[in-house]
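What follows is a set of notes on a single structure, which appears directly below.
The values are calculated or read from the model by the stated rules, or taken from the named source; none is laboratory data. Here the structure is a predicted model, which means the values were calculated and not measured. All Cβ positions, glycine included, derive from the backbone under ideal geometry; neighbour counts span all protein chains shown.
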Amino acid sequence: MTIPTTVRIVEVGPRDGLQNEAKPISVATRIELIERLAKAGVSHIEAGSFVSPKWVPQMSASDEVFKGLARQDGVTYSALTPNLRGLEAAIESGVREVAVFAAASEEFSQKNINCSIAESLSRFKPVMRRAAEESIPVRGYVSCVLGCPYEGNVDPTQVLKVSTSLMEMGCFEVSLGDTIGTGTVGSMRVLLDTLVPTLTVSHLALHCHDTYGQALANISAGLDYGIAIIDASIAGLGGCPYARGASGNVATEDVLFMLNGMGIDTRIDLPSMVETGNWICAELKRSNQSRVGLAASVS
């Protein structure tokens, strides 16, 4: 397989990142973060989620965020919509791409969304039908593809089964999430050896957490298989509230630095991203988890 010459970065910081912050985040700050990312050249931004504020208070008022955005041409502003109510709210807010999420681990599915994998997939059917009526593309997420905090190792054939179900349901793309960051190059290769012969590689994305410092290595392994869509979070924001010890997503700045060094084009300006990462960390009063962001700021 040939390494891709271009990679699309899906910036998940404004949703997957901010939803795990303890400090309340204003609508104005969320909007400014999204607009800064777009100005830096990010073409796909996960800008919010339409879920119960009882469970994810940081994502409340996502309707205000979407309605207040100064949208740039050529930029996709997507939202997580796990159920029909969330989708309807997203449509009302002008969202034109959404995402649903399932897990490759039964126990994680039960603890995360209080239902089995099969039940979660069944719940998505009305969402998929309604999205199709509105010509809204739906992205699928699969959690725990390389390990589960409750079950340990996850069978790659189970990941294949869930990913296939999402694609057959109508998802245009499936993002493979190493939710607790225990994956290694070895386990990533075993997973992709299982998936790639059956699933179209251009429809697969990687969503790696850096808990054990393996995210960049795992992404590099994915590039070897031709995967050209990478989820990343500005300043390494985020984590998983249901996975104890899971640190943030891999930092977008670190991914960009690696891809730039490989001659892979992303059309994103790294210095602008470093500036944005430092800005949002100052707003949140937290440390920057991007090594490139830290190094570039003192050099």
Fill in the blank from the handout: Residue count, segment 166-202, condition out of contact with any Lys or Arg (no Cβ under 8 Å at 6 or more places or on another chain) and assigned to a helix (DSSP H, G or I), comes to 16
Handout entry: Out of 85, 30, sole residue that is of a type outside the set (Ser, Thr, Tyr) and touching a Pro at 6+ places or on another chain (Cβ under 9 Å)
Key = 30
Completion exercise
Across (1) assigned to a helix (DSSP H, G or I); (2) surrounded by 20 or more Cβ atoms within 10 Å (Cβ to Cβ); (3) among the small types (Gly, Ala, Ser); (4) under 18 Å from the mean Cα position of the chain (by Cα), residue 205 clears everything bar (1)
Exercise for the section: Any residue in segment 120-134 that's more than 14 Å from residue 98 (Cα to Cα): show its pairings with residues that are in a helix (DSSP H, G or I) and of a type in the set (S, T, N, Q) at Cβ separation under 6 Å, as long as the two are six or more apart or on different chains. Expected result: 120/109; 121/165
Practice task
Filter segment 50-67 for residues that are farther than 14 Å from residue 90 by Cβ, of a type in the set (D, E, K, R) and surrounded by 13 or more Cβ atoms within 10 Å (Cβ to Cβ) and give the result.
Solution key: none
Handout entry: Hits in segment 1-17 (condition: out of contact with any helix residue (DSSP H, G or I) (no Cβ under 8 Å at 6 or more places or on another chain), buried (at least 24 other Cβ atoms within 10 Å of the Cβ) and charged (D, E, K, R))
Key = 16
Completion exercise
In segment 238-252, anything within 12 Å of the chain's Cα centre (by Cα) and either at pLDDT below 95 or surrounded by fewer than 24 Cβ atoms within 10 Å (Cβ to Cβ) (or both) is listed as 238, 239, 240, 248, 249
Problem - Matching entry among 159, 196 (being β-branched (Val, Ile, Thr) and in contact with a helix residue (DSSP H, G or I) (Cβ under 9 Å, 6 or more places away or on another chain)) - result: 159
Practice task
Would you please list the contacts, defined by Cβ atoms under 6 Å and residues six or more apart or on different chains, that run from a residue in segment 1-14 that is in a helix (DSSP H, G or I) to a residue that is polar (S, T, N, Q)?
Solution key: 13/233
Completion exercise
Selection over segment 69-107 where residues are surrounded by 24 or more Cβ atoms within 10 Å (Cβ to Cβ) and of a type outside the set (A, V, I, L, M) yields a count of 3
Practice task
Name the one entry in 263, 293, 226 that is surrounded by fewer than 24 Cβ atoms within 10 Å (Cβ to Cβ) and over 29 Å from residue 148 (Cα atoms).
Solution key: 263
Handout entry: Where residue 255 falls short, out of the listed (1) within 14 Å of the chain's Cα centre (by Cα); (2) modelled with pLDDT of 95 or more; (3) under 26 Å from residue 152 (Cα atoms)
Key = (3)
Completion exercise
Output for Cβ contacts, cut-off 6 Å, separation at least six or different chains, first residue closer than 12 Å to residue 174 by Cβ in segment 137-159, second buried (at least 23 other Cβ atoms within 10 Å of the Cβ) and polar (S, T, N, Q), reads 141/175; 142/163; 143/179
Handout entry: Condition met for residue 134 (modelled with pLDDT under 95 and surrounded by fewer than 17 Cβ atoms within 10 Å (Cβ to Cβ))
Key = no
